[in-house]
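Derivation of every value follows stated rules applied to the coordinates shown; laboratory data play no part. Remember, predicted model here, so these are calculated numbers, not experimental data. Glycine also receives a Cβ, built like all others from the backbone with ideal geometry; neighbour counts cover every protein chain displayed.
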Amino acid sequence: MINPVYSPDSNRYDNGMKYRRCGRSGILLPEISLGLWHNFGDVNTFANSQAMAHYAFDKGITHFDLANNYGPSYGSAEETFGMIMKKSFMPYRDELFISTKAGHDMWPGPYGEWGSRKYLMNSLDQSLRRMSLDYVDIFYSHRYDPETPLEETLQTLVDIVRQGKALYAGISKYPKEAAGFAYQYLEERDVHCLLYQGRYNIFNREPEEEGILQQARENGTGFIAFSPLAQGLLTNRYLNGIPEDSRIAKGGFLKKEALTGDTLGKIKALNELAIRRGQTLAEMSLAWVLKDEMVTSVIIGASSVAQLTDNLKGIENTAFAPEEIEAINQILK
Ligand SMILES: NC(=O)c1ccc[n+]([C@@H]2O[C@H](COP(=O)([O-])OP(=O)(O)OC[C@H]3O[C@@H](n4cnc5c(N)ncnc54)[C@H](OP(=O)(O)O)[C@@H]3O)[C@@H](O)[C@H]2O)c1
């Protein structure tokens, strides 16, 4: 049978998704965004990747987060997304907020990573071709490059926006001082930095502790949190061992060494707390990040539609009693 043409849920903006303003800007982002770092590569089943993208959009997830080297193989998540664009999403392009990035290892030789103008410009052109797009909504410098003059990287972001290849610019994982420089440099050239993308979850609180959240707010820049579930640790995935189809078992960025007895004990205690709140651990972990109004959105990863369903429930209750916050802090000590 031929696949039916995708037709999105006509109630997609009345399905419970909430939208938050992204810093000092005209952009609203869904509280939950979908990241394509894993499970959208050419090693994955296209049907599952497509089903997750469709389901997300049907539930009001308008923001899809990519980068040049997401896969594996490098570039293949953008290719998968490009296929979904062509098959399903093209009529809805203006309803979508699509990001990509460059900064990490992408192609061999001296011009295939970090922050040079040569790399960023060439990489974005490749990304647009892979995704079958004329422009992305936001292009990020994926990481701070200590060797390249920051002015070169930032001026490239400015020029990319001026060329119309990205509507907005963003930075990811920049240390605080470099982020401050970036906000000012971009602002002075009338390219406001729309988003700072950083790792933030119950286990990793650097953005809070280092003042990155506060600094973004002061500069009118939104903060978007990646790995809000600590790559799956902050869910019920590993409560009873390491499932064969899990990220740890597949052997990627999340190593089994991360699941120490101590960490598992904390996950179990957090799980008990989540149950008392009437949430799954995944729901509570997302709610915990979203409780802070300085956070614009969380970028989740998922390997199934069922996980997305679970995670979307996380936005139903993002309020925490002070005792609950304290209990979480105690568990982490
Ligand atoms: N800027 C950067 O440098 C940077 C770095 C990392 C990520 N990111 C962005 O952030 C996105 C999210 O990162 P992430 O994938 O690490 O996010 P995450 O949401 O912390 O982890 C996602 C993983 O958690 C598991 N999971 C998700 N929901 C679950 C549920 N309800 N129950 C049980 N397990 C669940 C799945 O693992 P299994 O596969 O085991 O099922 C899933 O692949 C990326 O796709 C990317 O767009 C950006």
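Please work out which residue is nearest to the ligand (Cβ to nearest atom), limiting yourself to segment 181-204 and to residues that are of a type outside the set (A, V, I, L, M, F, W, C) and within 16 Å of the chain's Cα centre (by Cα).
First, pick out the residues of segment 181-204 that are of a type outside the set (A, V, I, L, M, F, W, C): 183-185, 187-190, 192, 196-201, 204.
Cutting the leftovers down to within 16 Å of the chain's Cα centre (by Cα) gives us 196-201, 204.
Working: TYR196: 10, GLN197: 5, GLY198: 7, ARG199: 7, TYR200: 10, ASN201: 7, ASN204: 10 Å.
Ranking the candidates gives GLN197 first.
How do the pairs read when you match residues in segment 282-303 that are over 21 Å from LYS266 (Cβ atoms) and within 12 Å of the ligand (Cβ to nearest atom) with residues anywhere that are of a type in the set (D, E, K, R) and not in a strand (DSSP E or B), using Cβ under 6 Å and keeping only pairs 6 or more apart or on different chains?
If the second residue must be of a type in the set (D, E, K, R) and not in a strand (DSSP E or B), the pairs left are SER297/GLU31.
Is segment 85-98 home to any residue that is assigned to a loop (DSSP other than H, G, I, E, B), closer than 18 Å to ILE299 by Cβ and out of contact with any helix residue (DSSP H, G or I) (no Cβ under 7 Å at 6 or more places or on another chain)?
no
Can you confirm whether segment 258-268 contains a residue that is surrounded by fewer than 14 Cβ atoms within 10 Å (Cβ to Cβ) and touching a helix residue (DSSP H, G or I) at 6+ places or on another chain (Cβ under 7 Å)?
no
Out of (1) surrounded by 20 or more Cβ atoms within 10 Å (Cβ to Cβ); (2) closer than 24 Å to ALA102 by Cα, what's the single condition that is false for ALA56?
Only one criterion is unmet by ALA56, namely (2).
Would you mind listing the strands (runs of 3 or more DSSP E) fully within segment 157-253 where at least 2 residues are in contact with a His (Cβ under 8 Å, 6 or more places away or on another chain), under 27 Å from GLU293 (Cβ atoms) and among the acidic types (Asp, Glu)?
none
Test LEU273 against the stated conditions and say whether it is more than 13 Å from the ligand (Cβ to nearest atom), under 24 Å from ILE248 (Cβ atoms) and over 16 Å from the mean Cα position of the chain (by Cα). I'd like the intermediate steps shown before the answer.
Numbers: more than 13 Å from the ligand (Cβ to nearest atom): yes; under 24 Å from ILE248 (Cβ atoms): yes; over 16 Å from the mean Cα position of the chain (by Cα): yes.
Yes.
Is it true that THR263 is hydroxyl-bearing (Ser, Thr, Tyr), touching a residue at least 24 places away in the same chain (Cβ under 8 Å), out of contact with any Ser or Thr (no Cβ under 9 Å at 6 or more places or on another chain) and in a loop (DSSP other than H, G, I, E, B)?
Judged against the criteria, THR263 is not a match.
If I ask for residues that are among the β-branched types (Val, Ile, Thr) and in a loop (DSSP other than H, G, I, E, B), which ones from segment 15-59 would you list?
Across segment 15-59, the qualifying residues are ILE27, VAL43, THR45.
This table checks each residue for (1) among the polar types (S, T, N, Q); (2) surrounded by fewer than 16 Cβ atoms within 10 Å (Cβ to Cβ).
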{"site": "TYR13", "(1), (2)": "no, yes"}
{"site": "GLY35", "(1), (2)": "no, no"}
{"site": "HIS38", "(1), (2)": "no, no"}
{"site": "ALA47", "(1), (2)": "no, yes"}
{"site": "GLN50", "(1), (2)": "yes, no"}
{"site": "GLY71", "(1), (2)": "no, no"}
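Please determine, by comparing only the residues of segment 59-69 that are of a type in the set (S, T, N, Q) and over 19 Å from LEU312 (Cβ atoms), which one is surrounded by the most Cβ atoms within 10 Å (Cβ to Cβ).
Only one residue tops the list, namely ASN68.
Restricting attention to segment 73-106, and to residues there that are over 18 Å from the mean Cα position of the chain (by Cα) and of a type in the set (Phe, Trp, Tyr), which single residue is surrounded by the most Cβ atoms within 10 Å (Cβ to Cβ)?
PHE89
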